[in-house]
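As structure tokens, the structure follows; a few thoughts come after it.
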Amino acid sequence: MRHDHLITSKQLSREDIETVLDHASEIDADPSSVAGRHAETLLGLLFFEPSTRTKMSFETAMKRLGGDIVDMGPVDSSSVKKGETLADTVRVIEGYADALVVRHPKQGAATMASEFVDVPLLNAGDGAGHHPTQTMLDLYTIRENAGLDDLTIGIMGDLKYGRTVHSLAYALTNFETQQHFISPESLQLPREVVYDLHQQQDGAGIREHDSLEEILPSLDVLYVTRIQRERFPDENEYQKIAGEYQIDADTLEAASDDLTIMHPLPRVDEIAPEIDETDHAAYFEQAHNGVPVRMALLDLLLSDDKGIRGEADE
Amino acid sequence: MSDEHDHHDGDADHELRVSKIRDGTVIDHVRGGQALNVLAILGIDGTNGEEVSVGMNVPSNRFARKDIVKVEGRELSQDEVDVLSLIAPDATINIVRNYDVVEKHRVERPGVVEGVLSCPNAGCITTGDEPVISRFSVLEDGVRCSYCETIVRDEIASLIDT
Ligand SMILES: [Zn+2]
């Protein structure tokens, strides 16, 4: 029996992405269509670093499909504390669950873990690497609000360490998109990521900027991420730079009326609360979309006859 | 046989600089300055008494300068040749038996190298205690970790797992 894993958004073709998003739309429109479909199914949650939100979203999705979860619990109280390897942990918990969700601080952790198990494994974040379920809910939100083709998107903030950004940018190369990356110079996209994007889309759809001003009027979607204080040596430097990448009602005077603003949340002060009540704000909707999208992914991965990819890898 | 046989081309004059070997391997057409890295890849540091001659920055037809490494009593394994190809993509390997070149081949870049290089990214899962063998895909101008996707273009030799 073939089982797919979901490790990176790079493994997904346009067709695969559309399969997932279409299924999420069906579920969103009629959640009862899949209710109880995965009764008796157990999803193993292995969070080696805390992420309450992502974990709750997976738990909700599994329970809405009729299944339940088994949770490794915080690392402090598990065998990991005693020095157990990830490879051993996943091989043990594989025996308890029908699929695994892994979040781990090291890059490549999900790739490696998937080589040790036979049940479907979903990457819920591997250090600075990938976070493909976030990408799928981002894509879903973009599709609902602006469409994925003929799209001009600005992605702004910490582009260096933001794995959400890397995964999303890569996935968008499957569509007719113009991507603008807006960040301070010290937080630009890593060259690895730029290399991949150019490999994928001949570079024509990719532009990097240090200011939002010049391209804001042309954007259909603005995806904002947090610039973290710890990336800067001192408070003044942080305040000065981060301030240039915050948006409020004044900033948006220059924007199109149809501009959709997204944010993976939690936010601090990147987006002023006054924007929440405008038609631009899509970030709470985006967070809610995590459930139908994860339901769609789990339903596809857990059904023997479906899967998310046209062909098995390796 | 190659058209660039050592003993009959323009390098002949310089042949004297590096002594002949009886049985072993001559790695020729190594890019100038890479000879010591070639030795590092082969794990040769002289402490085991191997007889090694190195010619560095020898004038060459093919490059302005090349290095030559001759190792007595040692034939290279395929793994060694694979890694060699990463830092010396133009090298020719001559297997010598009883003073004659019995085999001569160019190195070929493999698609993947496993277990030979270690990832320079401290945040990579392969750098911890996990029971995982490093794996790098070979790009046109570097190597890339199959786990964390870090690309290394320069100083690949420094990643060699010793
Ligand atoms: Zn790595």
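The values are calculated or read from the model by the stated rules, or taken from the named source; none is laboratory data. Worth saying up front: this structure is predicted, and the values here are computed from it rather than measured. Every residue, glycine among them, receives a Cβ derived from its backbone with ideal geometry; neighbour counts consider all protein chains shown. The protein model used for the area step is the full one, side chains on, heavy atoms only, and it has no ligands, DNA or RNA in it. Shrake-Rupley method; radii C 1.70, N 1.55, O 1.52, S 1.80 Å.
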Fill in: Residue within segment A:58-80 that is within 25 Å of A:ASP304 (Cβ to Cβ), among the charged types (D, E, K, R) and either open to solvent by less than 60 Å² (accessible area, probe 1.4 Å) or within 14 Å of another protein chain (Cβ to nearest Cβ) (or both) present
yes
Worksheet item: Only one of these conditions is not met by A:ASP30: (1) open to solvent by 10 Å² or more (accessible area, probe 1.4 Å); (2) among the charged types (D, E, K, R); (3) within 14 Å of another protein chain (Cβ to nearest Cβ); (4) closer than 28 Å to A:ARG14 by Cβ. Which number is it?
Response: (3)
Discussion item. Which condition from (1) out of contact with any Gly (no Cβ under 6 Å at 6 or more places or on another chain); (2) farther than 21 Å from A:PRO132 by Cα is the one that A:ILE69 breaks?
Written reply: (2)
Worksheet item: Can you find a residue in segment B:136-143 that is open to solvent by 30 Å² or more (accessible area, probe 1.4 Å) and over 20 Å from A:TYR195 (Cβ atoms)?
Response: no
Worksheet item: If you go through segment A:149-166 one residue at a time, how many are more than 15 Å from A:ILE261 (Cα to Cα) and within 16 Å of the chain's Cα centre (by Cα)?
Response: 8
Worksheet item: How about segment A:97-115: which of its residues are farther than 21 Å from A:SER303 by Cα and open to solvent by 10 Å² or more (accessible area, probe 1.4 Å)?
Response: A:ARG103, A:HIS104, A:PRO105, A:LYS106, A:GLN107, A:THR111
Item to complete: Can you tell me which residue among B:ILE133, B:ILE125 is crowded, with 21+ Cβ neighbours inside 10 Å and closer than 26 Å to A:ALA110 by Cβ?
Response: B:ILE125
Discussion item. Condition first: part of a loop (DSSP other than H, G, I, E, B), under 26 Å from A:SER9 (Cβ atoms) and either within 11 Å of the ligand (Cβ to nearest atom) or within 11 Å of chain A (Cβ to nearest Cβ) (or both). Now tell me which residues in segment B:101-139 satisfy that.
Written reply: B:CYS119, B:PRO120, B:ASN121, B:ALA122, B:GLY123, B:GLY128, B:GLU130, B:VAL132, B:ILE133, B:SER134
Discussion item. I'd like the full set of residues that are of a type in the set (Val, Ile, Thr) and without any contact (Cβ under 8 Å) to a residue 40 or more places away in the chain, limited to segment A:39-82.
Written reply: A:THR52, A:ILE69, A:VAL70, A:VAL75, A:VAL80
Practice prompt. For segment B:24-35, enumerate the residues that are crowded, with 16+ Cβ neighbours inside 10 Å and out of contact with any helix residue (DSSP H, G or I) (no Cβ under 7 Å at 6 or more places or on another chain).
Written response: B:GLY24, B:THR25, B:VAL26, B:HIS29, B:ARG31, B:ALA35
